[in-house]
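The values are calculated or read from the model by the stated rules, or taken from the named source; none is laboratory data. Just so you know, these numbers come straight off a predicted model, no measurement behind them. Every residue, glycine as well, gets a Cβ built from its backbone with ideal geometry; the counts of neighbours run over all protein chains shown.
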Amino acid sequence: MTKFEFSEPKLPKNGTVVVGILDDRKLTPSAETLDKALDGTITRAMAASKFRGKKEQTLSMLAAGDYDRVVLLGLGDPKKLDDQQSQKLGGIVLAGLNGAGAKDATVMIDGTDGSKLSAADIAANMAAGAGLRSYRFDAYRTKEKADKKPSLKVLTFGVKDAGDATKAFKPLSAVTEGVFLTRDLVSEPPNVIFPATLAERIHELEKYDLDIEILDEPAMEKLGMGALLGVGQGSAQDPRLVIMRWNGGKDGDAPLAFCGKGVTFDSGGLSIKPAGGMEDMKWDMGGSAVVTGLMKALALRKAKVNAVGVVGLVENMPSGTAQRPGDIVKSMSGQTIEVLNTDAEGRLVLADVLWYTQERYKPKFMIDLATLTGAIIVALGEEYAGLFSNNDDLAKKLEAAGKAVNEPLWRMPMGDVYDKMIDSDAADMKNIGGGRAGGSITAAQFLQRFVNKLPWAHLDIAGVTWSKKDAAIAPKGGTGYGVRLLDRFVADNYEGN
Ligand code: BES
Ligand code: MN
Ligand code: ZN
């Protein structure tokens, strides 16, 4: 694990140093000082290369003067250097230094003219971005060679007002810890993470002053959660429902509610999925992992809100006890559901989770997250998550938060014409629409039938939960998408002042 430190802006005399260059090869003050100390080597190196100081460009100079390595970091247009851009730059610097084998380095941060952020905020966000990029899931690698492991132990940011940077870094690193927990949970294999063990992992959050309650199968039976239980009945692993509460707001204030789909493995059940890619369905508990990571982040940064997270944990398996296509189950709401495809299981789980949350906690609103449909990947790819809501104000706030942290949402339509598509001849509704048309929308319509008048939003995160390629602040694998978004959504709208 890389350590991040902030100290006064003094250029080191040797080792590895990173300095910023603005658009059109304009040197920042630190770069200028260093260039002089190196008899113009920086200017010459830039002239000999394509490096122009464009954002995210880098140029490494080895064995320059007494330095092992001088890294020129393109900052681009200072007016566009905001918190998210700073985080990206931090992630790029960290990946570059690890790739180069550096053990420690100093990044010089100058307050740039025209930037919206103070030098301290740029430093804090660069450190946060570097931290997010530094994530690794290597618990099961027993033979990795030392030179394949990340080399960077300490990254120091040289910045005026290092104290302010340290202070600004604190809540950001709380959120990073939440993101890391989410990434850990989705990365774990499905023989390790199943409902009982996932519930145990969540239980560990008690040490951060979250209240945790776990319902087992008999408790859910008593509540009449026939929709959720039907999904789990083919598995040797019993389902769980886990409730996390954070009470950082006023006593008696209605909580914000976050619900998550936690299918720890989705084989499809008797409507079994094809073999190719089925391993991806270990992260079908991604929604529950985001809710868990978010609750941890809120607790770590002592958010001034009351929040409740509720996750439905089940394994969807085929077996002699499995749910059959054609089965009719009764949900906790009393509504009956004809299960025509056992692979459309997420909505069955959430039906009872949403109903339970709304009845028991009378929240201000409910937001659910689910890797719900392949159709949302067809519609939006892997950049945007799908947003469905019965409330324009809630939707706008979520869209704004997503934009602010580069976890964008695209609002999808809903309406009666889509709702009709899930009417059943045999029960109150069926769990799939007619054909493939509008598959993400009919899934959302299904969920909405378990929400009364409450403001509600559904985030279909099937396309954004896992990535096969590295990004600036997220190595390939579990992205943690949703934790930073919802943390920002809470901070910007519900914590007063
Ligand atoms: N967990 C899947 C959706 C999914 C697909 C998530 C790909 C991530 C990547 C969900 O339970 C599912 O199987 N949905 C079906 C619904 C269909 C049977 C109506 C789908 O999308 O094909
Ligand atoms: Mn499925
Ligand atoms: Zn699923």
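Below are the figures for this structure:
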item	result
Count of the stretch 175-204 residues which are assigned to a helix (DSSP H, G or I) and farther than 19 Å from Lys3 by Cβ	18
Residue list for the stretch 1-50, restricted to those being modelled with pLDDT of 95 or more, aliphatic (A, V, I, L, M) and under 28 Å from Ser173 (Cβ atoms)	Leu11, Val17, Val18, Val19, Ile21, Leu22, Ala31
Filter result for Ile328 (over 30 Å from Glu495 (Cβ atoms) and either away from ligand 2 (no atom under 16 Å from the Cβ) or modelled with pLDDT under 95 (or both))	yes
Selection within the stretch 463-497 - in contact with a Leu (Cβ under 6 Å, 6 or more places away or on another chain), of a type in the set (A, V, I, L, M, F, W, C) and in a loop (DSSP other than H, G, I, E, B)	Ile473
Verdict on Leu459 being crowded, with 24+ Cβ neighbours inside 10 Å and away from ligand 1 (no atom under 16 Å from the Cβ)	no
Odd one out for Ala303, checked against (1) crowded, with 21+ Cβ neighbours inside 10 Å; (2) within 16 Å of ligand 2 (Cβ to nearest atom)	(2)
Qualifying positions in the stretch 367-390 - in contact with a Phe, Trp or Tyr (Cβ under 7 Å, 6 or more places away or on another chain) and over 29 Å from Ala128 (Cα atoms)	Ser389, Asn390
Failed item, numbered, when Ala307 is tested on (1) touching a Pro at 6+ places or on another chain (Cβ under 7 Å); (2) within 16 Å of ligand 1 (Cβ to nearest atom)	(2)
Every residue from the stretch 377-410 that is part of a helix (DSSP H, G or I) and within 14 Å of Trp456 (Cβ to Cβ)	Asp392, Asp393, Leu394, Ala395, Lys397, Leu398
Cβ pairs under 9 Å, 6+ apart, first in the stretch 258-286 and free of Cβ contacts under 8 Å to residues at least 12 places away in the same chain, second of a type in the set (Ser, Thr, Tyr)	Met278/Ser267
Residue identified as of a type in the set (A, V, I, L, M), within 16 Å of ligand 2 (Cβ to nearest atom), in contact (Cβ under 8 Å) with a residue 24 or more places away in the chain and touching a Cys at 6+ places or on another chain (Cβ under 8 Å) among Leu350, Leu372	Leu350
Residues satisfying the stated conditions in the stretch 26-45, i.e. of a type in the set (Lys, Arg) and either over 18 Å from Gln57 (Cα atoms) or under 35 Å from the mean Cα position of the chain (by Cα) (or both)	Lys36
Unique residue being under 18 Å from the mean Cα position of the chain (by Cα), closer than 14 Å to Leu350 by Cα and not assigned by TED's automatic domain parsing to the domain that holds Ala128 when the list is Gly262, Gly293, Gly230, Gly226	Gly262
Within the stretch 344-376, considering residues that are of a type in the set (D, E, K, R) and assigned to a loop (DSSP other than H, G, I, E, B), the one surrounded by the most Cβ atoms within 10 Å (Cβ to Cβ)	Glu345
